[in-house]
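Let me begin by presenting the structure, written as structure tokens, before commenting on it.
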């Protein structure tokens, strides 16, 4: 036990010299290796948010409908009629790069646990994926593995994967992003929290056995990648979705009784962070006998038991005398159940192994004294606006064909067909639209779900990009007719110790915060993933936003498909033809430059509320927000979805290529019958919302009035074929 | 009529099919836990989709040897109607209630999408509310749905009229591109010799509600209700 | 003692996984790769000390559960 802790050992645990000095100060002596391990995971970036905490505090987190904001396992909002919606998004970037199938699978498992820990039955999964350039030798292998892993886990657990997004960019070549989101439902008066209570109450371990997997995953997620990352393979955990399914059922069954005082899943840093968090939040101590922890392997040390990241495990505090009730439930589901310790009044964590005390540390000083840094940052250099006149104008429909076959705009069917998106029998709007719509079981209400961010905007201007990510998520929900309720964020950035990266973080959070405030769209949960760099090269700043909206009546919603001919096509919002940072510029012209389109939050709100009102009034046959690729891409998506063409009348004021492909924000396309279109225009006038008629549905081509046309069958073929063709191409380097 | 749904720990379409049964038949099914050795007396047993015991060895292999399946086999032998959907179909073949086996999809991937099926017989208790050769749209969601049987078995089941559904295109034509998993002879569903047991990979319960985008699954449940009432 | 069980697809049963592995090997440039078949390998710890009895028991396990004899063959080795 009295092994000397050398500077090398400290360094290998990812603690700085200053941090180690704090450790000695708190302990009043040199820690042993187990204790050092516990400090290192608790103070890792992943668990402590030490670089981002200062800035995360600036985000708006409250609203009358917020039941529980950030700080618990997931965020909770009140959705009426006695129901709460519990949701969160979390990254599993590094593990997925090293072993894509298991990395992605365990990412899904972890986020599911965060949600059902709080008493919710998970009802939907989403994911936001970023991969490297398609021609990078690892990309195909990573796409195949990540998608199969997400499907393999979610499909088996029986929670539908209903939506998400997927981009490709060379900045992710060495650092892919796998952000998974789970949404669950619980009775609003039966939410479970993690704060322990009641000295003497039993601490119970349930779920799978503990093995040596994933030791130091939390510190791995908090360090930059180097080229030897692939050597770190053994730290990747293996998921067991069947056990997760049993764990969901068993926990929900036990939660229906009154046996549980507090519950916490064992995520990153396993038993260490779960026990610490429960005790720390309850202001108590905890004593555990590690011999009682169910183990899969022999000869495990206290260090290994405390730091293992074996999956599908939970820790709970039970009411005294309820052990047998709980044991019976877990035995029914054939899961391990062990009373591993009890709560104490000491405020210390005391661990025993083979009858000896192997660790004895104070809980509060360790948890509360976790470092919080005000890291130096510099204001990011923001790209300058680009005049459309400086951007070459290529034939519009030819450019459209190019855009629809690009990795970012092509159909992602190849991905979502590998996900069971229909299990549970409530998926009303399947993947492919603006937001997925999942019915609240047995009712006529539904949740609308989406996730969004535009990393190229964030790169060009983190502040506008942060604003835009929130605004676009809000817009996606509005476009199906849902009232946007709240947000979860997953902030993916490079190394925060570099002032320019820290500047991106600060500015993106500022933009997000402003948008959330203006749109009444609080952040209720989130996750930060930093150090997404390989050999010093950072990813694009990627603050992914997951969002939830509420539809009060399924009959009053909109999809994106043109479902009949002869409808008027209306455009809501201002079109100036903003081509800076657009996909047209990048994919058709081959330039990545210019400031991203600014978001006018007041206009955003006005336009969205107008659209929602029109949907609620049943005046709208189809609706789609105008986003990546601009107006013509959005019209093409609506036409392809419904198999009905359109003829458009281009603007006379804006250059054709800027009109067709500009990415001005706050815009929606609407299809409506002639009578409804007239009513909408009148209402818009009254509400001072800019709405103009830009064309009409019909035929089997997409045409620009007075000239070019392209057949819909052609567009569908182009749009659907890029991804399957890419994935079917022979591997050069699996 | 009374139906029962078998619930394995990894079943995940048990609720979905129970909703359809309750809605269409006007009476909720009994949910029978996998460890119950005895099946209650019912007219119809549904073995639902999911991953029974995790399906780590082979889809449905462990479930086929569970105590409840022994009881289902006994009931089937006495003529109780048995419907196996997706994992249920895999379990019924593993248990020997239906011939053949369901292997990994030809494309090696899990596939969730709507497919078109041709109804080959409209004279069974499962399909009397469909028309013969009617083309219906029903979703699939599986990784192991590639039906295999040796040539003799295939000839025999064709001759006996045991093929219930084939994968076809929207117009009802056989087309290899419409076969989502590489199944032999595009077989999507299969009866036993007496047409009292049906197994199929597609999920009729997933398109039995207009809010979910289709109702082509409804006639199967209506057929059973009509036949067994 | 320990039983080692190899489960393989029967000859004549199409093996899509084997085919995919074969393609992958070819595209990696390995020459002369013929038919590839993917199977399963299962290890079972046994209390039984008599090899003949152990083999009989594991053979029974193979028929009942470990292999689906409609599509698979298996071999048992006792060590």
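Below is a table of values for the structure above.
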quantity: Whole-number percent relative contact order across the range B:3-228, with pairs defined as alpha carbons under 8 Å at least 6 apart; calculated: 20 percent
quantity: Estimated 222 nm signal from helices in the protein assembly as shown, with DSSP H stretches of n ≥ 4 weighted -39500 (n - 2.57), rounded to 500; calculated: -9500 deg cm²/dmol
quantity: Degrees separating the helix A:323-332 axis from the principal Cα axis of chain A, which is the longest one; calculated: 60 degrees
quantity: Kirkwood Rh and Cα Rg combined as Rg over Rh, evaluated for the range B:3-228; calculated: 0.92
quantity: Inter-label distance, nm, simple model (7 Å from Cα along the C-beta direction), residue A:413/residue C:56; calculated: 5.8 nm
quantity: Distance cut-off 16 Å, percentage of C-alpha pairs in the range B:177-229 lying past it; calculated: 56 percent
quantity: Pairwise centroid distance, computed over Cα atoms, of the range A:62-99 with the range A:338-406, Å; calculated: 15 Å
quantity: Mean shadow area of the range A:1-123, taken as a quarter of the surface of its Cα convex hull (nm²); calculated: 11.0 nm²
quantity: The protein assembly as shown - Rg over Rh from alpha carbon coordinates, Kirkwood radius; calculated: 0.97
quantity: Net length gained if the chain between residue A:374 and residue A:553 were fully extended (0.36 nm per residue, minus Cα distance); calculated: 59.8 nm
quantity: Helix A:17-27 axis, angle to chain A major axis (alpha carbon atoms, nearest 10°); calculated: 50 degrees
quantity: Of every Cα-Cα pair in the range A:476-633, the percent that sits beyond 21 Å; calculated: 59 percent
quantity: Alpha-carbon radius of gyration plus Dmax, which is the widest Cα pair, for the range B:116-229 in Å; calculated: 13.5, 43
quantity: Length released on extending from residue A:653 to residue A:713, taking residue separation times 0.36 nm less the Cα-Cα span; calculated: 18.5 nm
quantity: All-pairs Cα distance distribution in the range A:429-548, expressed in whole percent, bin size 10 Å; calculated: 15, 43, 28, 12, 3, 0
quantity: 0 to 90° range, to nearest 10: angle between helix A:139-157 axis and chain A longest Cα axis; calculated: 70 degrees
quantity: Relative contact order of chain A, pairs being alpha-carbon contacts under 8 Å that are 6 or more residues apart, as %; calculated: 15 percent
quantity: Rounded Å value of the spacing that divides the Cα centres of the range A:437-495 and the range C:19-79; calculated: 49 Å
quantity: Modelled FRET efficiency - R0 45 Å, residue B:1 with residue C:48, Cβ distances, 0.05 increments; calculated: 0.35
quantity: Alpha-carbon radius of gyration plus Dmax, which is the widest Cα pair, for the range B:130-170 in Å; calculated: 12.5, 30
quantity: Separation of alpha-carbon centers, the range B:115-149 and the range B:4-79, rounded to whole Å; calculated: 20 Å
quantity: Estimated translational D of the range A:154-213 in µm²/s (Stokes, Kirkwood radius over Cα pairs; 10 °C; 1.306 mPa s); calculated: 92 µm²/s
quantity: Relative contact order (%) - criterion: Cα under 8 Å, at least six apart; region: the range B:22-146; calculated: 22 percent
quantity: Point-to-point label distance, residue A:3-residue B:229, nm (Cα→Cβ direction, 7 Å offset); calculated: 7.3 nm
quantity: Förster radius 60 Å - calculated FRET efficiency between residue A:682 and residue A:141 (Cβ-Cβ, nearest 0.05); calculated: 0.60
quantity: Paramagnetic reach from residue A:357 in the range A:1-24 [backbone N under 19 Å; point 7 Å along Cα→Cβ]; calculated: A:1-3, A:24
quantity: Equivalent ellipsoid dimensions for the range C:2-78 as semi-axes, Å, which come from the Cα gyration tensor, largest first; calculated: 31, 14, 8
quantity: Label point distance in nm, residue A:393-residue A:517, each placed 7 Å from Cα along Cα→Cβ; calculated: 4.1 nm
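All of the numbers you see were taken from the coordinates with simple rules; none came from a lab. Treat the numbers as computed from the prediction; the structure is a model and nothing was measured. A quick note on method: Cβ atoms are made from the backbone with ideal geometry, for glycine too, and the neighbour counts reach across all protein chains shown.
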